[in-house]
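The structure under discussion appears below in the form of structure tokens.
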Amino acid sequence: MTEVPKTLSDEAVVAINALIDGNDRFRNWNDPEIRTIFRHIEKLQKVDARDAFVRFAALAAVCGNVESLLEYARKALLLPGELLSKPEIRTSLANAGLYGKAQQIGTWLLDRKRGFFPQIWQDAVSCGQVLAIQERLFDAKRTYPELSDVDFSLVERAASVMQERGLSDADIIAVFDLMGEIQRSHRIMFAGKLASTLKVLRPPEDPPYLYFAMPIDSDVSEIHAMNRELARLVVEKLPEGAFPQGLVASFAKTLSVELRAAA
């Protein structure tokens, strides 16, 4: 009997990941293929409600259905098993462009005692949690010997620039959440496994800064339009009407088809 919920859950994961692998565009919540998966998850709900709510949340994420995603995530986290629920809910939140909410769960998961640091630190950096990683790095290396061979130099250089420029993870997430708004407006997820790529730039005559590029699998004209919208939202919604000092971010055309973020 214990095989039944796992089998149902695995089938739901395969179906949702197939949607993500096939196309970065958000689906319509009422599309026949979505309703078919939804009914399959309803069967899972009869044997494992927590797992079903996690899968419902993942399905809502690939539709950009924020209201349903947050409701299913809330229901999943009310049930025992948060160590099973939170990593996948965090991924779903990021897939839907809810980076601030994904960061909140990510911070909880990065506690070295919870065992997720080696698996999620790169995802966390790609969502703007640079200082969160840097602050936990010493303890994480003591806890996980395999990290001794991992190159964290980019994180260390980025954290140094952030301290120099007075930049916080919250500043970065404020920009990412604007980018998420634009993604949902254009109904497209980031392309690939990570939400962004990070570079530390040190121009010869200007202060250093961080540059986050979010890969989007679309034509250049749409990406230009998304960047124009980002510039407008930065002016309208950020405190200084500009990117925080030491930070630049933009949408960029993906150069290759990479593995999509798992559901």
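The values are calculated or read from the model by the stated rules, or taken from the named source; none is laboratory data. If you're wondering where the values come from, they're calculated on a predicted model, not measured in any experiment. Virtual Cβ from ideal backbone geometry, glycine too; neighbours counted across all protein chains shown.
Quick test for you: out of ALA58, ALA73, pick the one residue that is crowded, with 22+ Cβ neighbours inside 10 Å, modelled with pLDDT of 95 or more and within 22 Å of SER196 (Cα to Cα).
Testing whether each residue is crowded, with 22+ Cβ neighbours inside 10 Å, modelled with pLDDT of 95 or more and within 22 Å of SER196 (Cα to Cα) leaves just ALA58.
Taking ALA52 as the residue in question, decide whether it is touching a residue at least 60 places away in the same chain (Cβ under 8 Å) and surrounded by 22 or more Cβ atoms within 10 Å (Cβ to Cβ).
Spelling it out, it is not the case that ALA52 is touching a residue at least 60 places away in the same chain (Cβ under 8 Å) and surrounded by 22 or more Cβ atoms within 10 Å (Cβ to Cβ).
In region 220-240, what count of residues is obtained for those that are modelled with pLDDT of 95 or more and in a loop (DSSP other than H, G, I, E, B)?
Selection size over region 220-240: 1.
Which number in (1) surrounded by fewer than 20 Cβ atoms within 10 Å (Cβ to Cβ); (2) in contact with a Leu (Cβ under 9 Å, 6 or more places away or on another chain); (3) of a type outside the set (Val, Ile, Thr); (4) farther than 16 Å from VAL125 by Cβ marks the one condition that TYR211 misses?
(4) is the only condition that TYR211 fails.
From ASP149, ASP217, which residue is surrounded by 16 or more Cβ atoms within 10 Å (Cβ to Cβ) and among the acidic types (Asp, Glu)? I'd like the intermediate steps shown before the answer.
Numbers: ASP149 fails: surrounded by 16 or more Cβ atoms within 10 Å (Cβ to Cβ).
Just a single option satisfies the conditions, and that option is ASP217.
For the structure I just gave you, tell me whether GLN104 is on the phi < 0 side of the Ramachandran plot, free of Cβ contacts under 8 Å to residues at least 12 places away in the same chain and either aliphatic (A, V, I, L, M) or not assigned by TED's automatic domain parsing to the domain that holds ILE173 (or both).
The answer is no for GLN104.
For region 28-48, indicate whether the set of residues that are surrounded by fewer than 18 Cβ atoms within 10 Å (Cβ to Cβ), assigned by TED's automatic domain parsing to the domain that holds LEU178 and in contact with a Ser or Thr (Cβ under 8 Å, 6 or more places away or on another chain) is non-empty.
So far as region 28-48 goes, no, none of its residues is surrounded by fewer than 18 Cβ atoms within 10 Å (Cβ to Cβ), assigned by TED's automatic domain parsing to the domain that holds LEU178 and in contact with a Ser or Thr (Cβ under 8 Å, 6 or more places away or on another chain).
Looking at region 122-143, which of its residues are within 19 Å of ALA213 (Cβ to Cβ) and either without any contact (Cβ under 8 Å) to a residue 12 or more places away in the chain or part of a helix (DSSP H, G or I) (or both)?
Listed by number, the residues that qualify are GLN122, ASP123, ALA124, VAL125, SER126, VAL130, ILE133.
So which of LEU83, LEU98 ends up being of a type in the set (A, V, I, L, M) and surrounded by fewer than 14 Cβ atoms within 10 Å (Cβ to Cβ)?
The match here is LEU83.
Test ARG112 against the criterion of being at pLDDT below 95 and in contact with a helix residue (DSSP H, G or I) (Cβ under 8 Å, 6 or more places away or on another chain), and give yes or no.
On the way: at pLDDT below 95: yes; in contact with a helix residue (DSSP H, G or I) (Cβ under 8 Å, 6 or more places away or on another chain): yes.
Here the answer is yes, as ARG112 does meet what is asked.
What are the residues in region 45-99 that are among the hydrophobic types (A, V, I, L, M, F, W, C) and touching an Asp or Glu at 6+ places or on another chain (Cβ under 6 Å), if any?
The answer is VAL54, and nothing else.
Is it fair to say LEU131 is surrounded by fewer than 23 Cβ atoms within 10 Å (Cβ to Cβ), modelled with pLDDT of 95 or more and either farther than 21 Å from VAL248 by Cβ or over 15 Å from the mean Cα position of the chain (by Cα) (or both)?
Yes, satisfied.
Just need a number here: residues in region 174-206 that are surrounded by fewer than 21 Cβ atoms within 10 Å (Cβ to Cβ), touching a Leu at 6+ places or on another chain (Cβ under 8 Å) and farther than 21 Å from LEU233 by Cα.
5
I'd like to verify a number: residues in region 188-219 that are within 18 Å of GLY97 (Cα to Cα) and either touching a Pro at 6+ places or on another chain (Cβ under 9 Å) or not in a loop (DSSP other than H, G, I, E, B) (or both), how many? Give the steps one after another, and end with the answer.
Taking region 188-219 and keeping what is within 18 Å of GLY97 (Cα to Cα), we get 188-198, 212-218.
Filter again for either touching a Pro at 6+ places or on another chain (Cβ under 9 Å) or not in a loop (DSSP other than H, G, I, E, B) (or both), leaving 188, 190-192, 194-198, 212-216.
Total meeting the criteria: 14.
Considering only residues of region 78-101 that are touching a residue at least 40 places away in the same chain (Cβ under 8 Å) and not in a helix (DSSP H, G or I), which is farthest from MET179 (Cα to Cα)?
The extreme case among them is ALA96.
Would it be correct to say that LEU77 is assigned by TED's automatic domain parsing to the domain that holds GLN183 and either out of contact with any Leu (no Cβ under 9 Å at 6 or more places or on another chain) or over 22 Å from SER218 (Cα atoms) (or both)?
no
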